[in-house]
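Colleague: The structure's right below; bear with me while I get my questions together.
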Amino acid sequence: DSVATLNLTVNYSNSSYLTISECDSYTFNGVVYNTSGIYTDTLVNYQGCDSIVTLNLTIEYSTTDTLNVQDCDSFYWDFLDSTFTQSGVYSFTFGSSIGCDSVVILELTINSSDNTFDTITVCNNYLWDNTLYSTSGVYQDTFTNIYGCDSSVTLYLIVNDSTSSITVDTACNNYTWNDSTYYVSGTYHEILVNSVGCD
């Protein structure tokens, strides 16, 4: 009789499942993946058996966005709940839940409104912005400047009045009036400047 003895070791293949989230790309077993998806690979385990690894991969991407804005006097950005009053380039970095940085660049131009003040003294009336004013006062008008911003002009207007007077007199031989001598009866006119500078 013969006895045969079998000393048998049975090794097993195995499988594993990986769930990974990464920014921009992920390297797995020497392969670079830059798209989300489910990938499988066959490896040899420590016992020498083929083993299947399933990779459930989520790729999030870093982004850079540029926002070009022009505004008058100030700019309120509701995205940050912030108000900016100076032109400039502002950069903000935001991180996702897995740490992917996204950059927002704000290129901001702040244009100024124009607010001007004029003081003018005239006689009798003054034509301003297609309106004839005959009374002293403070007047204001709004216009749009070259940057498209609402602007205002304030006019401080002083209106002085011209005056007139009539002198009736009788004289013998001649009459001197305002440095002129008259020898003949008649009605004469002369233009003078009154105390407020008006004819």
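The values are calculated or read from the model by the stated rules, or taken from the named source; none is laboratory data. What you are looking at is a predicted structure, and each value in this text was computed from that prediction instead of being measured. Using ideal geometry, Cβ is built from the backbone for each residue, glycine included, and neighbour counts are taken over all protein chains shown. When the accessible area is computed, the model is the full protein with side chains, heavy atoms only, and any ligands, DNA or RNA have been set aside. Shrake-Rupley method; radii C 1.70, N 1.55, O 1.52, S 1.80 Å.
Colleague: Heavy atoms only, probe 1.4 Å: what % of the accessible area of the chain goes to carbon and sulfur, would you let me know?
Modeller: 48 percent
Colleague: Provide I105, I166 ordered by accessible surface of protein heavy atoms (probe 1.4 Å), highest first.
Modeller: I166, I105
Colleague: Still on this structure, I have one more. With a 1.4 Å probe and all protein chains left in place, how much accessible area per residue does the chain have, in Å²?
Modeller: Here the residues of the chain average 73 Å² of exposed surface.
Colleague: Comparing F79, F92, F143, which has the greatest mean-square fluctuation in the GNM of the chain with Cα pairs linked when under 10 Å apart?
Modeller: Of F79, F92, F143, the most mobile in the Gaussian network model is F79.
Colleague: Rolling a 1.4 angstrom probe over the protein chains, ignoring ligands and nucleic acids, what is the accessible area of T40 in square angstrom, nearest 10?
Modeller: Spelled out: T40, probe radius 1.4 Å, area about 100 Å².
Colleague: Still on this structure, please answer the following. What distance in nm separates the simple spin-label points at S112 and E190, each placed 7 Å from Cα in the Cβ direction?
Modeller: 5.3 nm
Colleague: Kirkwood Rh and Cα-based Rg: tell me the resulting Rg over Rh for the chain, rounded to two decimals.
Modeller: Using only Cα positions, Rg/Rh for the chain is 1.68.
Colleague: May I ask for the net charge around Y182, where only other residues with Cβ less than 14 Å from the Cβ of Y182 are counted and Lys, Arg are +1 while Asp, Glu are -1?
Modeller: -3
Colleague: To the nearest 10 square angstrom, how much accessible area does D161 have with a 1.4 angstrom probe?
Modeller: For D161, the solvent-accessible surface is approximately 90 Å².
Colleague: Please sort 175-185, 64-74 by packing, taking for each peptide the average over its residues of neighbouring beta carbons within 10 angstrom, highest first.
Modeller: For the peptides 175-185, 64-74, the packing ranking is 64-74, 175-185.
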